[in-house]
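Engineer: Sharing a structure here in structure tokens format.
The values are calculated or read from the model by the stated rules, or taken from the named source; none is laboratory data. Everything quoted here is computed from the prediction, not taken from an experiment. So basically every Cβ, Gly included, is an ideal-geometry build from the backbone, and we count neighbours across all protein chains shown.
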Amino acid sequence: MALSKKPTTGMKDILPEEMQIREYVMSVIKETYGRFGFTQIETPCVENIANLSSKQGGDNEKLIFKILKRGEKLNVEAATTEEEVVDSGLRYDLTVPLVRFYSNNAAQLPTPFKALQMGNVWRADRPQRGRYRQFMQCDIDILGEPSNLAEIELILATTTTITKLGFRNFQIRINDRRILKAMAAYAGFAEEDYDSVFITLDKMDKIGMDGVKAELLENGFAEDICDKYLSLFAAIEEAQNGVACIMEKLGEYLDREVMASFCEIIDSVRATQADSFELVFDPTLVRGMSYYTGTIFEIAMPEFGGSCGGGGRYDKMVGKFTGNDVPACGFSIGFERIVLLLTESGFQVPTRPARVAYLVEKGVSGPALREVIVKAQEARKDGKQVLVVRMNKNKKFQKEQLQKEGYEEFVEFYREALKQ
């Protein structure tokens, strides 16, 4: 039977045209985040299965690609539980690996530590447009900064990067897990039910307020509690200033210092007067990861019709590794979705060198071939990108294919001409 030439389901081959865009996006990300003081690190793609299954990754923990033990340690016949045959897995995000990295290397790192991490992650998810089982993530995180300066820097660095990539009219939606909890407490939900309530709330943009109420009732919550809860969202939607409205409604349920810090983040970002994006308070924003403890944010792009990145504060996660909590906050760009949007829009990588294709007739060899190679090297020293290839019989089709790759100049070398 012939071997399969197609990638595994959920994976994809990356053709040269897209690869050029990916490399350009990565270069913009590195250069822009570098200006904000972020330094690049790298972590292994494989992590201890206990770390990946520590109930911090939300639904992503159901999507882990698990790795069997190797050699003599693997005894499938005698095993009665998964733990006996599995000891590691492919990372499903970059946050868990970063926290492990920081916990292991904190003594050698500055405080606060501003990290940039780019790398592939894997999730056994259902593939769809813009979503694969292997995909690139790009994260920036600040560890060791307890104040809202971390959130402000993360939002500004990310929006600056997105703007440099040519995107406009996008939104940064912002909320706080403590606001979510205060709203649930005000309505009368028990604390142990918060996660269930938030899972339903997270569907608001898909099923609407009536759908959220119906699902809450279906889950056994009292109608008066549901009505009181949803009345908060209706009031915020009608108010000119949603933040002021929620502060007034919640009163003692919401810590004044939390709201003061939240307002300072919004005011500081808006003070930059950036016209490429809008910062919006969204009380329905939940973010699925259970490790978030405070501010949460998300990028909404109308071109994509959904989220294109997000993040938040996770102050308790380092403590699960070391026993000592360290303030931490991060923002992840939806790298694959950004590349998809650029590719589909016909984006051309700017300021690239002139591209020249040297078409060499078959039979050109020896001193004549060396002459071509020398000419190519001289052109490369002058800053040109030179491709040296053998000339095909169908030269017209060959040139058309090379033009699709960005080659706009062609030089043809024939045996007879090179002999002169």
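Engineer: Just to be sure I understand, how many residues within region 212-240 are within 24 Å of Phe297 (Cα to Cα) and assigned to a helix (DSSP H, G or I)?
Structural biologist: Of region 212-240, the ones within 24 Å of Phe297 (Cα to Cα) are 212, 229-240.
Filter once more, so that each one left must be assigned to a helix (DSSP H, G or I): 212, 229-238.
Total satisfying the criteria: 11.
Engineer: Test Pro353 against the stated conditions and say whether it is closer than 30 Å to Thr293 by Cα and either hydroxyl-bearing (Ser, Thr, Tyr) or in contact with a strand residue (DSSP E or B) (Cβ under 8 Å, 6 or more places away or on another chain) (or both).
Structural biologist: Numbers: closer than 30 Å to Thr293 by Cα: no; either hydroxyl-bearing (Ser, Thr, Tyr) or in contact with a strand residue (DSSP E or B) (Cβ under 8 Å, 6 or more places away or on another chain) (or both): yes.
So Pro353 does not fit the description; no.
Engineer: Separate question: Out of all the residues in region 216-225, is one or more of a type in the set (A, V, I, L, M, F, W, C) and closer than 25 Å to Ser307 by Cβ?
Structural biologist: Scanning region 216-225, I find at least one residue that is of a type in the set (A, V, I, L, M, F, W, C) and closer than 25 Å to Ser307 by Cβ, so the answer is yes.
Engineer: Kindly evaluate Ile296 against the criterion of being crowded, with 17+ Cβ neighbours inside 10 Å and at pLDDT below 95.
Structural biologist: So Ile296 fails the test.
Engineer: Right, something else. When the residues of region 148-198 are filtered to those that are free of Cβ contacts under 8 Å to residues at least 12 places away in the same chain and assigned by TED's automatic domain parsing to the domain that holds Arg287, which remaining residue is surrounded by the most Cβ atoms within 10 Å (Cβ to Cβ)?
Structural biologist: This residue is Ala190.
Engineer: Further question on the same structure: I'm trying to understand the selection: among the residues of region 1-60, which are touching a Lys or Arg at 6+ places or on another chain (Cβ under 8 Å) and among the acidic types (Asp, Glu)?
Structural biologist: Glu17, Glu47
Engineer: Name the single residue, out of those in region 1-34 being among the β-branched types (Val, Ile, Thr) and in a helix (DSSP H, G or I), that is surrounded by the fewest Cβ atoms within 10 Å (Cβ to Cβ).
Structural biologist: Val28
Engineer: Listed residues Val243, Val286; which is of a type in the set (Val, Ile, Thr), out of contact with any Pro (no Cβ under 8 Å at 6 or more places or on another chain) and either outside any loop (DSSP other than H, G, I, E, B) or in the same structural domain as Met317 (by TED's automatic domain parsing) (or both)?
Structural biologist: Val243
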